Amino acid sequence: MKKKFISFLGIVFAITICLAPSASAAIQASLYLSSYDAYIWPEGSGNIAIYFDVEGTGTMDEIGVLSIRLQQCPAGSSTWTTVQTYSHNDYSNLLAYNNYTYGSSVSYSGTAGYSYRAYITVWAGKNGSGDSREILTSTVVAK
């Protein structure tokens, strides 16, 4: 009888967990950033594309990316070297103004066979204040 009761409690617990709203869905990145994502993609001929998408908690004065630091690592090596830095001061497609969400991309002409990754600083700001987060993309090998 005791085993049946414990099994019953286990089933009730499992059902409760499955029906409860996800805790991560309720977590907001900050007062300004609702969500953000970035990824890197090998496009062929050594070319690399870095994509990002940033969502604010409402309409932001500025939203997007402050900087992207692209790193490469030769095949067989474990040493990463920064080969390109993209700044919102030099690349107008990194930030949008008076938007709720923004996504864009940058490209780099790399070397086939090398690995690439990017550190990306996302940003959302409003009324003279804001918040940023740094994220690291996965690693890809240029084709």
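General observations
- Tally of residues being more than 17 Å from HIS88 (Cβ to Cβ) and of a type in the set (Ser, Thr, Tyr) across the range 34-75: 6
- Summed over the range 93-132, the residues that are of a type in the set (D, E, K, R) and either out of contact with any strand residue (DSSP E or B) (no Cβ under 7 Å at 6 or more places or on another chain) or closer than 12 Å to ILE68 by Cα (or both) give a count of 1.
- The set of residues from the range 82-95 being in a strand (DSSP E or B) and either buried (at least 17 other Cβ atoms within 10 Å of the Cβ) or in contact with a helix residue (DSSP H, G or I) (Cβ under 6 Å, 6 or more places away or on another chain) (or both) comprises GLN84, TYR86, LEU95.
- Only residues that are at pLDDT 95 or above, buried (at least 16 other Cβ atoms within 10 Å of the Cβ) and not in a strand (DSSP E or B) were counted across the range 26-81, and they come to 2.
- Of all the criteria given as (1) within 12 Å of ASP53 (Cα to Cα); (2) out of contact with any helix residue (DSSP H, G or I) (no Cβ under 6 Å at 6 or more places or on another chain), the one not satisfied by ASN98 is (1).
- Qualifying position, being over 23 Å from SER30 (Cα atoms) and touching a residue at least 60 places away in the same chain (Cβ under 8 Å), among ILE120, ILE50, ILE63, ILE135: ILE50
- Across the range 126-143, the number of residues qualifying as of a type outside the set (Val, Ile, Thr) and farther than 19 Å from LEU95 by Cβ comes to 4.
- Filtered residues of the range 66-85 (kept if more than 17 Å from SER129 (Cβ to Cβ) and touching a residue at least 24 places away in the same chain (Cβ under 8 Å)): SER67, ILE68, ARG69, LEU70, GLN71, GLN72, CYS73, PRO74, ALA75, TRP80, VAL83, GLN84
- Pair list, Cβ < 8 Å and 6+ apart or interchain, from the range 87-115 residues that are touching a residue at least 24 places away in the same chain (Cβ under 8 Å) to residues that are part of a loop (DSSP other than H, G, I, E, B) and of a type in the set (S, T, N, Q): ALA112/SER45; SER115/THR139
- When restricted to residues that are in a loop (DSSP other than H, G, I, E, B), surrounded by 13 or more Cβ atoms within 10 Å (Cβ to Cβ) and of a type in the set (S, T, N, Q), the range 111-143 contains 3.
- Residue match in the range 3-19 (condition: at pLDDT below 95 and under 21 Å from THR121 (Cβ atoms)): no
- A single member of SER104, SER132 is of a type in the set (Gly, Ala, Ser) and in contact with a helix residue (DSSP H, G or I) (Cβ under 8 Å, 6 or more places away or on another chain), and it is SER104.
The values are calculated or read from the model by the stated rules, or taken from the named source; none is laboratory data. Small disclaimer: the values here were computed from a predicted structure and weren't measured. Heads up, the Cβs are rebuilt from the backbone with ideal geometry, glycines too, and the neighbour counts pull from every protein chain shown.
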